[in-house]
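In what follows, a structure is listed as structure tokens, so that the remarks can point back to it.
The values are calculated or read from the model by the stated rules, or taken from the named source; none is laboratory data. From a predicted model like this one, the values you see are computed outputs, not experimental measurements. Quick reminder, even Gly has a Cβ in these numbers, built from the backbone with ideal geometry, and neighbours come from all protein chains shown.
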2 protein chains.
Amino acid sequence: MAQSRLEQEFDLFKDSYAQRAENLSVSEVRALFATVSRPEVVSLAGGMPDVSALDNELIRTAFESLMKNRSQFALQYGPGQGDAKLRGQILEIMALEGIQGTVENLMITTGSQHALELIADLFLDQGDVALVESPSYVGAVGIFRHKEAHIEHIYTDSDGISPEAVAEASDRMIADGKKVKLLYLVPNFANPSGVTLSEERRDKLIAVCKERGILIVEDNPYGLLYFDGAPPKALRARDADIVVYLGSFSKILSPGLRVGYVLAPPAIREKLILANESAILSPATFAQMLISEYLSICDWQKQISEYRSLYKTKRDAAIWALNEYLPGVETTKPAGGFFLWVSLPEGIDGKQMLPIAVEELVAYTPGTAFYGDGRGKEFIRVCFSHPTAENVKVGIQRLAKAIERSR
Amino acid sequence: MAQSRLEQEFDLFKDSYAQRAENLSVSEVRALFATVSRPEVVSLAGGMPDVSALDNELIRTAFESLMKNRSQFALQYGPGQGDAKLRGQILEIMALEGIQGTVENLMITTGSQHALELIADLFLDQGDVALVESPSYVGAVGIFRHKEAHIEHIYTDSDGISPEAVAEASDRMIADGKKVKLLYLVPNFANPSGVTLSEERRDKLIAVCKERGILIVEDNPYGLLYFDGAPPKALRARDADIVVYLGSFSKILSPGLRVGYVLAPPAIREKLILANESAILSPATFAQMLISEYLSICDWQKQISEYRSLYKTKRDAAIWALNEYLPGVETTKPAGGFFLWVSLPEGIDGKQMLPIAVEELVAYTPGTAFYGDGRGKEFIRVCFSHPTAENVKVGIQRLAKAIERSR
């Protein structure tokens, strides 16, 4: 921080930045990478999948097949929309959640984060409203802030975001002359809350948004990682006209490949392709084709099923440890995904406690990261996906000590 | 096109787009991909490297080493700034052009295109001025247009962009109350002109920009692909304070990996990292680490040297064929890189001639693609990098027929 301020003083171009640059802020995720890299710290922070559960032999097999069949294409530039073969395979993955898409309306992106960046850039002028859950994904809040949007957190409970609250907030802001452009949500095992939008609310939410011309951006990286039954059918499976759907290989295969995708209505899809080409020319052909070979050759549904068991074991370890070491503390109980949303005992601030927790050799993400308006002090996000189940327990035991020291 | 217009009519969100979305236009590069994919067409269009010249065994060796040594990291999220080991190796590559950088000031990007997107987003408000060469790289013109910038083409001749013209245009526009934010250029074997900025003009250009507080964005994908001697030292090697330097593995290794990099003064670099994290979380670790292994294990300088000979042979073929089949036609004679800039005989419009050329089974890029202001009708870009030397000759012979038919 001190260094950063010093550098600012020596910034020859300090008067040259665009107005939107003021909204670039240090990501809380980034600061956590440094902490996570210390091996003695149990990290319940960054939402990283457990890639050690992936069989490297499958990656080797996919690579060999790629080099044999398509190396000249994999090493070359490709189409801005992404590889047509992979897009066809993604239709099969999306069909598992009830979605009927087409290869034409699907575009490959550099992780689904970049899909969200392109969508936000396409729709949000300064002051336009983006509706989000309470709390919402830190990376979405960051993008919307960077676009100088007005971020409106909507009431959310254990059944997900409230359609009535969406209607109320939208009507109020529309009456105030604001443009309510889009609603962004993670309907299944949400980041960071872990909650899932109920069946009933899904249809209501679509009706509320359709009536008001609000685009729904459905971000679904965790939908296939359920522990009990599958979550309700995707919003996109219920309405193809007002839903833009984001998916990713980051949680079901590997985030290091940075391959996500977006399924959008034709007019929006057409603009997204132009925006993708402008930003990166074409998505990485090598990574796309490696995944395509993996999907062709390997039993990817079995791999997802193994991830389900693995993360369920870790979720159970987290819930067990919370009951054991922090019996009075409230938490969500997710039926899938990576995250618990924990309410701290009264008077404890999650951000202020973090240095104490790191002293106790555990890391987490403070709740304030998931709000655009300073709320969330009394919450923390606990991510159970990356450490072993045993270390999840150790981490939560250490968390209990940090809480004890902060009382 | 007819389909696209039809879709517009059915666009539920046609009134929802951000203002900047109006500036997204169909890239001429994109339309060419469809043409290029017909095997009977000799493409002198898209600036694709000849990846068939890359030894696949080297890629296999790098992959095996990666899976053995760093697979858990390669498949996981990484730091937003990019892999530290690769950044260290890039310093050695940049040193070949006289640049002394540091790992701290270097960031990895999704191709250098995304570096340019991030820089433009960081600096350009609506109406701000971006100075560019005449002609300029199509992908840069597209990005600046998307940011709603004023694109000012500066007089450029066989010695590159004119520092005097930069000074004159800047002073005129500053006097008009415009903010001249940056100068973007490809100093070596430019895309699309093939010209190289002279030694003398490099120092003058830095002085002119420094005096006026104009950031120089030096894009150098072709600098190491020289045919005779190395080009003059990079602008960044002459001044570290006002130059942001972009490099890429796309032309010296493979564009399908989408790995580029940017070296920037500390305050700018700090903001670029935040912007990169916001847009994509982290650059693809797998591709970065594959390249890192390649650089560690393989004789990459020998590979670059082989590319030099290969592209020199193709350049010679192109010049020979132009003399043979189009003796009256003027062209630049690049000392490196991928491109010739050809002046068409009087009265012929490069864009109008394209369908005739495609009938003759040859493709190129019309000169208008490289201007933001409609100029360039009387030029075409001929890219000799991708077809075999023999096919470069065949392509230019066909081009001669298309020109004959257009007279």
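Name every residue in the range B:281-336 that is in contact (Cβ under 8 Å) with a residue 60 or more places away in the chain, among the small types (Gly, Ala, Ser) and closer than 30 Å to B:Ala74 by Cα, in order of residue number.
Passing the criteria: B:Ser282, B:Ala284, B:Ser292, B:Ser296.
Condition check ((1) surrounded by fewer than 21 Cβ atoms within 10 Å (Cβ to Cβ); (2) closer than 30 Å to A:Ser406 by Cβ; (3) touching a Phe, Trp or Tyr at 6+ places or on another chain (Cβ under 7 Å); (4) modelled with pLDDT under 95) across all residues:
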position	(1), (2), (3), (4)
A:Tyr294	no, no, yes, no
A:Ile297	yes, no, no, yes
A:Arg315	no, yes, yes, no
A:Ala318	no, yes, yes, no
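Yes/no per residue for (1) aromatic (Phe, Trp, Tyr); (2) touching a Leu at 6+ places or on another chain (Cβ under 7 Å):
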position: B:Gly98; (1), (2): no, no
position: B:Ser112; (1), (2): no, yes
position: B:Asp128; (1), (2): no, no
position: B:Tyr137; (1), (2): yes, no
position: B:Ile143; (1), (2): no, yes
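Residues A:Glu218, A:Glu211, A:Glu200: which one is of a type outside the set (Phe, Trp, Tyr), within 21 Å of the chain's Cα centre (by Cα) and modelled with pLDDT of 95 or more?
None of the others qualify; the one that does is A:Glu218.
Tally time: how many residues in the range A:386-401 are surrounded by 23 or more Cβ atoms within 10 Å (Cβ to Cβ) and of a type in the set (Gly, Ala, Ser)?
Qualifying residue count, the range A:386-401: 1.
From the set of residues in the range A:168-183 that are outside any loop (DSSP other than H, G, I, E, B) and within 14 Å of chain B (Cβ to nearest Cβ), which is nearest to the chain's Cα centre (by Cα)?
Only one residue fits best here, namely A:Leu183.
Which ones in the range B:227-242 are farther than 30 Å from B:Glu306 by Cα and among the aliphatic types (A, V, I, L, M)? So that I can check it myself, show each step before the final result.
Start the filter on the range B:227-242 by keeping residues that are farther than 30 Å from B:Glu306 by Cα, which leaves B:239-242.
Selection gives B:Ala240, B:Ile242.
For B:Ser65, all conditions in the list (1) closer than 20 Å to A:Leu257 by Cα; (2) of a type in the set (Ser, Thr, Tyr); (3) modelled with pLDDT under 95 hold save one; what is the number of the exception?
Against the list (1) closer than 20 Å to A:Leu257 by Cα; (2) of a type in the set (Ser, Thr, Tyr); (3) modelled with pLDDT under 95, B:Ser65 comes up short only on (3).
Checking B:Met289 against (1) in contact with an Asp or Glu (Cβ under 8 Å, 6 or more places away or on another chain); (2) farther than 30 Å from A:Leu116 by Cα; (3) of a type in the set (A, V, I, L, M, F, W, C), which single condition isn't satisfied?
Answer for B:Met289: the failing condition is (2).
Just need a number here: residues in the range B:173-221 that are small (Gly, Ala, Ser), out of contact with any Gly (no Cβ under 7 Å at 6 or more places or on another chain) and touching a residue at least 40 places away in the same chain (Cβ under 8 Å).
Pass one, the range B:173-221, residues small (Gly, Ala, Ser): B:175, B:177, B:190, B:193-194, B:198, B:207, B:213.
Now restrict to residues that are out of contact with any Gly (no Cβ under 7 Å at 6 or more places or on another chain): B:175, B:177, B:190, B:193, B:207, B:213.
Imposing the further condition that a residue be touching a residue at least 40 places away in the same chain (Cβ under 8 Å) reduces the set to B:190, B:193, B:207.
Of the residues in that region, 3 qualify.
Considering the range B:372-385 alone, what residues qualify as being at pLDDT 95 or above, over 17 Å from B:Leu322 (Cα atoms) and not charged (D, E, K, R)?
The answer is B:Gly376, and nothing else.
Can you find a residue in the range A:337-344 that is within 24 Å of A:Ile252 (Cα to Cα), part of a loop (DSSP other than H, G, I, E, B), at pLDDT 95 or above and outside the structural domain of A:Val186 (by TED's automatic domain parsing)?
yes
With a cut-off of at least 2 residues that are away from chain A (no Cβ under 12 Å), name the helices (runs of 4 or more DSSP H) lying wholly within the range B:197-299. Please lay out each step first, then the result.
Details: elements: B:199-212, B:235-238, B:266-280, B:285-297.
Because the criterion is at least 2 residues that are away from chain A (no Cβ under 12 Å), the helices (runs of 4 or more DSSP H) in the range B:197-299 that meet it are B:199-212, B:235-238, B:285-297.
For the range A:251-266, does any single residue satisfy the condition of being more than 30 Å from B:Asp15 (Cβ to Cβ), buried (at least 17 other Cβ atoms within 10 Å of the Cβ) and either of a type in the set (Ser, Thr, Tyr) or in the same structural domain as A:Ala402 (by TED's automatic domain parsing) (or both)?
Yes, some residue in the range A:251-266 is more than 30 Å from B:Asp15 (Cβ to Cβ), buried (at least 17 other Cβ atoms within 10 Å of the Cβ) and either of a type in the set (Ser, Thr, Tyr) or in the same structural domain as A:Ala402 (by TED's automatic domain parsing) (or both).
Strands (runs of 3 or more DSSP E) wholly in the range A:76-167 with at least 3 residues that are more than 14 Å from chain B (Cβ to nearest Cβ) and closer than 28 Å to A:Ala369 by Cβ - which ones?
A:150-154
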